[in-house]
Structures are given as structure tokens and as C-alpha cells.
């Protein structure tokens, strides 16, 4: 497999965690977002959205969108599973993951922040207020979803990390990177710490990637 990502990309971070949990090797291709490498004709041919991540399977199939890649990984490499077998619980896990991947993460995306600055003149203070509003509100919804669980499990929805945890940890990293205080979200912070203690999560951290830049 050939995996196209970037050390600071939250969606790439999700995939790295899943690769590690499942013990899968891949060839890594760094796509430098800040230098605009995602806009190159070669990458656009792979992913017309010009976004990360992208994956080329051993058979040459091209996949985009982190949640689609994660579910493909789970279907083709089912152990350990990152989605539960029960349909209702699986829907709950997917919903939690989508709160992050579809509602929170897009609002912190580099292209969105650049558009706010270029088109609306958002300075650093305005950008911080934007990020604080949307990241806090979104993660507070995640905290509320965790509070609604019938049983308070060690990880988001079980005794082992799954899709929800894979999405949560990179989003917590982003909140901390942007200086958004989420220390009041006790369930999230507890689960995040438990995940970060696992090798699969620790090795996926942006600071441990070959293309890391301080």
C-alpha cells in the first residue's frame, strides 16, 4: 500500500493510528500541505479534491477520505476490529466519528482558515475565536455523547480502541495545537490519555513522523 499524508494532517493521523492498530505496513508519501503540494497536477489526478489522505492499495485501487479508508481497512483486515459487530452500536460509533470528521475538523482545515484570512481579513485573534467556538462546541457534543453511554467503558465505546477513539485523539491534538482549552471535558481527556499510552497511538503522533517539522 502507498499512503499519502502529512504529519500535521488530522485525517492522516487517523489512518496512521489504524495502520498501527492492525499491524499494517505501508509506503509513505509526504504531501506538504503548507507548500501546496496537494495542488500539484500529479496529486490532483489521484485525488481531485486535493485533500489528504489518499491510499493506493496493493491492487492499485485509489481511495480517498479518511473514514472510507478506515472502513475499508476494517473490512479487508478485520483483526482487531475498529467497528463493533452490533448494528446499533456500530451506528453510534459512526455518528461519534462523523461529528469529528464531518462537523468539527472541516472548520479547522488549512484551506478554510486561509480563506477566512484572504477573503474576510480574519487576523490571528479572529482566527483564534473561530477555532475556539467550533472546536469547543463540537467536542462538548462529543463529551455529551460519551456521557449518554449505558456503561462508561475505558475507551469511547468499548474495552479496546476503535473508530471513535481513532478520530478523537487527532482532534484533541488539534485543539491543543490551536490553544483551545478543553480541559473541562473530563471523559474526553481521560480517554485521550489512555489512548496516548498505547504504542499504536504514540507511534502515530505527528512528532514521530518522518516528515515532521517543528
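The values are calculated or read from the model by the stated rules, or taken from the named source; none is laboratory data. All figures in this text were calculated on a predicted structure; none of them were measured in a lab. Cβ coordinates were reconstructed from backbone atoms using ideal geometry, including for glycine residues, and neighbour counts include every protein chain displayed.
Quick rundown of the values:
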| read-out | value |
| --- | --- |
| Residues located in the range 130-145, provided they are surrounded by 22 or more Cβ atoms within 10 Å (Cβ to Cβ) and over 17 Å from the mean Cα position of the chain (by Cα) | none |
| From the options 143, 119, residue that is assigned to a helix (DSSP H, G or I), farther than 16 Å from residue 14 by Cβ and touching a residue at least 24 places away in the same chain (Cβ under 8 Å) | 143 |
| Helices (runs of 4 or more DSSP H) within the range 30-114 that include 1 or more residues in contact (Cβ under 8 Å) with a residue 60 or more places away in the chain and closer than 20 Å to residue 173 by Cα | 66-76, 87-98 |
| Qualifying residue in the range 113-123 (condition: crowded, with 18+ Cβ neighbours inside 10 Å, assigned by TED's automatic domain parsing to the domain that holds residue 172 and under 19 Å from residue 179 (Cα atoms)) | no |
| Selected residue (only one of 210, 161 is touching a residue at least 60 places away in the same chain (Cβ under 8 Å), closer than 19 Å to residue 14 by Cα, surrounded by fewer than 14 Cβ atoms within 10 Å (Cβ to Cβ) and in contact with a strand residue (DSSP E or B) (Cβ under 7 Å, 6 or more places away or on another chain)) | 210 |
| Residue in the range 194-201 that is more than 25 Å from residue 22 (Cα to Cα) and touching a residue at least 40 places away in the same chain (Cβ under 8 Å) present | no |
| Test: residue in the range 170-184 that is surrounded by fewer than 24 Cβ atoms within 10 Å (Cβ to Cβ), more than 30 Å from residue 124 (Cβ to Cβ) and assigned by TED's automatic domain parsing to the domain that holds residue 107 | no |
